[in-house]
Amino acid sequence: MESLAPARCALCPRRCKADRRTGTGACGAGGVLKAARAAPHFWEEPCISGSRGSGAVFFSHCPLGCCYCQNYAISAGGLGREIDAGRLAEIFLELAAKGVHNLNLVTATQWLPWVLPALQEARRQGCRLPVVYNTSGYETAETVRALDGVVDVWLADVKYVSPALSREYSGAEDYFAVCSEAVGRMIAQAGGPVYDEEGLMRRGVILRHLALPGALADSKAVLRWMASLPAGSFVPSLMSQYTPFYKAAEHKPLGRRISSWEYRQVIDTAVELGLTNGYMQQKSSAREEYTPPFDLSGV
């Protein structure tokens, strides 16, 4: 069987040029597709999870590598089961058979050479579910372009504006420059939000921002940038669920959860900027149980 692994990997903005047929890229991904969980997921925004859940496939490894990642067991640790594109297509069909509202690809960019043919095969076999691309926002223009006509809903983070913060916490000083361009392309491709009769998003862009402790000024900068985007072109989603995971304790501000006062300031800023046509998590959402068990279910 011909290897699907790139010989000079440039799938993510790090463009490490690794030969993944024989080694691993900067993200840790090698020459065989890995996934850690495939199951109905109920903890996304209501217009994604609905009543029957989102068909989430959690892929192993990650191009960004945040020091506080709640999914660190798979993103940094590489937990997962090796499968091929044929098995991935079967997984998509199995999720569809469970009645999920959509296929939710969680951190899939490092595996695009496998994901794209798997989606094509699932479509060939009758799967018509919308595809949600669940991403850190750290995407190349080429990746966004390759997903035109494939992805229906972009579920993208906008983590930072500050290069200093993105360098310290995610090892990516260029995060905002890359993310802001990618988001612009996502919006241009998807257009404004489109919902079905059940209120589920069928097409569009959701922009998430996870408020971090000690980073209030940057959160406000992210919100000001969001407010500069064309009105009605996306749905904002503000998240308070930050919990100190992985290596967070090595960075003093990240060793605690965000305070009620800090999050109130984020919410007040969003309201002042008119970012009220979306979602704002309750402060009580900062719970460890919101991280799914990566027990290889469904893969």
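Points to keep in mind about this one:
- Within segment 41-77, considering residues that are closer than 30 Å to residue 199 by Cα and of a type in the set (Ser, Thr, Tyr), the one most open to solvent (accessible area, probe 1.4 Å): 51
- Condition met for residue 271 (part of a helix (DSSP H, G or I), out of contact with any helix residue (DSSP H, G or I) (no Cβ under 9 Å at 6 or more places or on another chain) and modelled with pLDDT of 95 or more): yes
- Which listed residue is within 26 Å of residue 195 (Cα to Cα) and in contact with a helix residue (DSSP H, G or I) (Cβ under 8 Å, 6 or more places away or on another chain), from 97, 36, 122, 29: 122
Residue by residue, here is whether (1) touching a His at 6+ places or on another chain (Cβ under 9 Å); (2) under 17 Å from residue 281 (Cα atoms); (3) among the polar types (S, T, N, Q) holds:
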| site | (1), (2), (3) |
| --- | --- |
| 209 | no, yes, no |
| 216 | no, yes, no |
| 219 | yes, yes, yes |
| 222 | yes, yes, no |
| 231 | no, no, no |
| 248 | no, no, no |
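- So residue 5, is it hydrophobic (A, V, I, L, M, F, W, C), more than 17 Å from the chain's Cα centre (by Cα), farther than 30 Å from residue 199 by Cβ and open to solvent by less than 40 Å² (accessible area, probe 1.4 Å): yes
- Residue, surrounded by the fewest Cβ atoms within 10 Å (Cβ to Cβ), within segment 233-256, restricted to residues that are more than 21 Å from the chain's Cα centre (by Cα) and not in a helix (DSSP H, G or I): 256
- The residue list 221, 177, 122, 215 contains one member that is farther than 23 Å from residue 41 by Cβ, of a type outside the set (Val, Ile, Thr) and free of Cβ contacts under 8 Å to residues at least 40 places away in the same chain, which is 177.
- For segment 202-232, a residue qualifies if it is touching a Gly at 6+ places or on another chain (Cβ under 9 Å) and either open to solvent by 10 Å² or more (accessible area, probe 1.4 Å) or assigned to a loop (DSSP other than H, G, I, E, B) (or both), and the qualifying residues are 203, 208, 213, 227, 229, 230, 231, 232.
- Only residues that are under 19 Å from the mean Cα position of the chain (by Cα) and either at negative phi or of a type in the set (Lys, Arg) (or both) were counted across segment 193-215, and they come to 13.
The values are calculated or read from the model by the stated rules, or taken from the named source; none is laboratory data. None of these values were measured; they are calculated from a predicted model. Note: ideal-geometry Cβ built from the backbone for every residue, glycine included; neighbour counts use all protein chains shown. Heads up: the accessible areas ignore ligands, DNA and RNA and are worked out on the full protein's heavy atoms, side chains in. Shrake-Rupley method; radii C 1.70, N 1.55, O 1.52, S 1.80 Å.
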